[in-house]
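Taking it in order: structure first as structure tokens, then the write-up.
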Amino acid sequence: MEFFIDSFKSAILLALSLDPELFGIVWVSTKVSFTSTLLASLFGLPLGFLVAFKEFYGKWLLITCLNTLLALPTVVIGLFVYTFISRRGIFGPLDLLYTQKAIVIGQFILILPVVATLTIAAISRIDERYKMTAMTLGGNGIQTAWAVFKEARFAVIAAVIAAFGRVIAEVGISMILGGNAKGFTRTMTTAMALEYDKGEFVLAVALGIILMCISFLVNLLFNFFQGRSGTK
């Protein structure tokens, strides 16, 4: 117990000292997570909206596939992407392996289903009368879609925040595709795993504290926007 308390105190002091190595790791982790979340939102939000808004053949199968991908382990995604971007892979000549771009690609695949399925759920919850009213008032397809989107905006924002919370804490993809290179591809989770293996608990605990603070903030925002969507 004394060892844990001492490590915790040292970790707090390390975090407050604005240690360059510590915050370099935080910066890399935040950067790749934000980038992958942005890309997943650009593709996932329109996909989720179209699936929820339109009726088409095979819709149930697509939704089932998206829901299935929610449970896909990060290690599986990492290995899948690895086969394509390794030297013997199709995209090997692009030299993507062990770069931040590789991590972004893997994280994008991880959270695209999260954004899409939560967007589908958000749009599906909107009363059909909003759509009918917009059409009755002479709105075209885009205007009708925009009216529905405005009603679901808080739930959609919550979907994006949930995706970021999912990806900031993953470790398998970052480890396999990033290689945990110091100052380049080392994220908070991979650094914590490395420091634990080395027996250096102070940096690992400091990173854990920062990660918990980020996760708390993300969940706070998620609950806020969920609450706002529930009152609409």
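Sites counted here are GluC sites (Glu not before Pro) in a DSSP loop (not H, G, I, E or B) having no more than 13 other Cβ atoms within 10 Å; the longest part of the chain that contains none of them is 56-199. Using the Cβ of residue 98 as centre and a radius below 14 Å, the other residues enclosed give a net charge of +3, where K and R count +1 and D and E count -1. Assuming charge only on the beta carbon of Lys and Arg (+1) and of Asp and Glu (-1), the dipole of the chain about its Cα centre is about 800 debye to the nearest 20. Remark: for residue pairs 9/31; 101/182; 9/101; 31/59, the C-alpha separation exceeds 24 Å in 9/31; 9/101; 31/59.
Can you give the net charge of the other residues whose Cβ lies under 15 Å from the Cβ of residue 207, counting K and R as +1 and D and E as -1? Walk me through the numbers before you get to the answer.
Numbers: positive: 182, 186, 198; negative: 19, 21, 170, 195, 197, 200.
Result for the neighbourhood of residue 207: -3.
Modelled spin-label separation between residue 124 and residue 23, with each label point placed 7 Å from Cα along the Cα-to-Cβ direction: 4.4 nm.
Computed extension gain for residue 83 through residue 181, at 0.36 nm per residue and net of the alpha carbon distance, reaches 33.3 nm. Here is the list for segment 1-84: trypsin sites (Lys or Arg not before Pro) lying in DSSP coil, each with at most 16 other C-beta atoms within 10 angstrom of its C-beta, are 54.
Given a Förster distance of 35 Å, report the FRET efficiency between residue 95 and residue 198 from their Cβ-Cβ distance, rounded to the nearest 0.05.
Working: r = 29 Å, r/R0 = 0.82.
Approximately 0.75, to the nearest 0.05.
Each of 27, 192, 133 was scored by the projection of its Cα onto the charge dipole of the chain, and the greatest displacement toward the positive side belongs to 133; charges sit on the C-beta of Lys, Arg, Asp and Glu.
Considering every pair of different Cα atoms, what Kirkwood radius, in Å, is found for segment 21-231?
Values: mean 1/r = 0.0540 Å⁻¹.
Radius from the Kirkwood sum: 18.5 Å.
Placing unit charges on each Cβ (+1 for Lys and Arg, -1 for Asp and Glu) gives the chain a dipole about its Cα centre, and among 123, 68, 81 the Cα reaching farthest toward its positive end belongs to 123. Put the Cα centre of segment 144-200 next to the Cα centre of segment 54-113 and the gap is 14 Å. Classification of segment 1-110 by its C-alpha gyration tensor yields a prolate form. The axis ratio a/c (a ≥ b ≥ c) is 1.5 or more, and a/b outweighs b/c. The packing ranking, built from the mean of other Cβ atoms within 10 Å per residue, places the peptides 118-125, 216-223 in the order 118-125, 216-223, highest first.
Helix 188-198 sits at what angle to the longest principal axis of the chain, using alpha carbons and giving 0 to 90 degrees rounded to 10? Taking the Cα atoms of the chain, the angle to 188-198 is about 30 degrees. Rounded to the nearest 10 degrees, the angle from helix 100-124 to the longest Cα principal axis of the chain is 40 degrees.
Any read-out appearing in this document is the output of simple, stated calculations on the displayed coordinates, not a laboratory observation. On a predicted model such as this, the values are computed, not experimentally measured, just so you know. Reconstructed Cβ throughout: ideal geometry from the backbone, glycine too, with neighbour counts over all protein chains shown.
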